Amino acid sequence: MNGIIRKASINDADAMAELDRICFTLPWSRQAFLHELSNEAAFYIVTATAGKIIGYAGMWSIIDEGHITNLAVHPEHRKMGLGEMMLSEMIRISGEDGILKHTLEVRASNEPAIGLYKKMGFKISGIRKEYYSDNMEDALILWRE
Ligand SMILES: CC(C)(COP(=O)(O)OP(=O)(O)OC[C@H]1O[C@@H](n2cnc3c(N)ncnc32)[C@H](O)[C@@H]1OP(=O)(O)O)[C@@H](O)C(=O)NCCC(=O)NCCS
């Protein structure tokens, strides 16, 4: 993987929103990213290569739990270990602050993401029925302890 992982800043909001539009059916707006990137309880990292953002991951710290908000890799850069690297980095960084439990929600049909999370030690602990408003798909709730 050619690229550097670094902490995201407010200046990355446009590029992150653009990447979200490519990666998700319900992307976050630039405004949502600006809000996230100025939230003190949130932490975002991006991967940049040749000045272009090709991936990002985010987490909220809630007492001793890390809530992974999102993870995305540009389609041209998938299956090269980047998603795993960013998730590992989030877990490592939050672990330094004593956060050893992590949770997230994922669409029940999202096999690449579920594959990645299981590889990283996450386990399915529940279901939120019809959680996603675009197609009423269920969300799986995953935890890693
Ligand atoms: C999910 C996502 C972030 C994975 O990123 P990635 O950089 O391609 O993943 P990696 O190359 O690090 O893969 C790590 C592991 O994930 C799993 N995985 C990745 N892609 C997969 C696929 N298409 N099918 C099944 N498992 C897959 C594998 O276990 C893989 O390990 P392996 O290479 O040893 O087999 C990427 O597919 C993506 O951005 N998807 C769209 C956005 C999204 O759905 N985000 C998750 C929201 S909850």
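The values are calculated or read from the model by the stated rules, or taken from the named source; none is laboratory data. What you see is a predicted model; the values in this text were computed from it and never measured. Neighbour counts run over all protein chains shown; Cβ positions are idealised from the backbone, glycine included. These accessible areas exclude ligands, DNA and RNA; they are computed on the full protein's heavy atoms, side chains included. Shrake-Rupley method; radii C 1.70, N 1.55, O 1.52, S 1.80 Å.
The dipole here belongs to the chain: it is taken about the Cα centre, uses +1 on the Cβ of Lys and Arg and -1 on the Cβ of Asp and Glu, and is about 380 debye. For Lys123, the accessible area of its heavy atoms, probed at 1.4 Å with every protein chain present, is near 140 square angstrom. How big is the accessible area of Phe24 in square angstrom, nearest 10, if you roll a 1.4 angstrom probe over the protein chains? Probe radius 1.4 Å; accessible area of Phe24 about 60 Å². When shorter helices are ignored and each DSSP H run of at least 4 residues is given -39500 (n - 2.57), the per-residue value for the chain at 222 nm works out to -9000 deg cm²/dmol.
Quick one: with all protein chains in place, what share of the accessible area of the chain is carbon or sulfur, to the nearest percent (1.4 Å probe)? Its accessible area is 52 percent carbon and sulfur atoms. For Lys129, a cut-off of 13 angstrom between C-alpha atoms picks up these aspartates and glutamates, skipping any fewer than 8 places away in its own chain: Glu105, Glu137, Asp138.
For the range 4-144, the antiparallel share of DSSP beta bridges with both residues in that region comes to about 90%. Taking a straight line from the alpha carbon of Lys79, these lysines sit under 19 Å away, with near neighbours fewer than eight places off in the same chain left out: Lys52, Lys118, Lys119. With the simple model of a label 7 Å out from the Cα in the direction of the Cβ, Lys118 to Met136 spans 2.7 nm.
Inverting the pair-averaged 1/r between distinct Cα atoms of the range 51-139 gives 14.0 Å as its Kirkwood hydrodynamic radius.
Using the Karplus relation 6.51 cos²θ - 1.76 cosθ + 1.60 with θ = phi - 60°, the per-residue 3J(HN,Hα) values for the range 135-143 come to 9, 6, 6, 6, 9, 8, 9, 10, 10 Hz, with x marking Gly and Pro.
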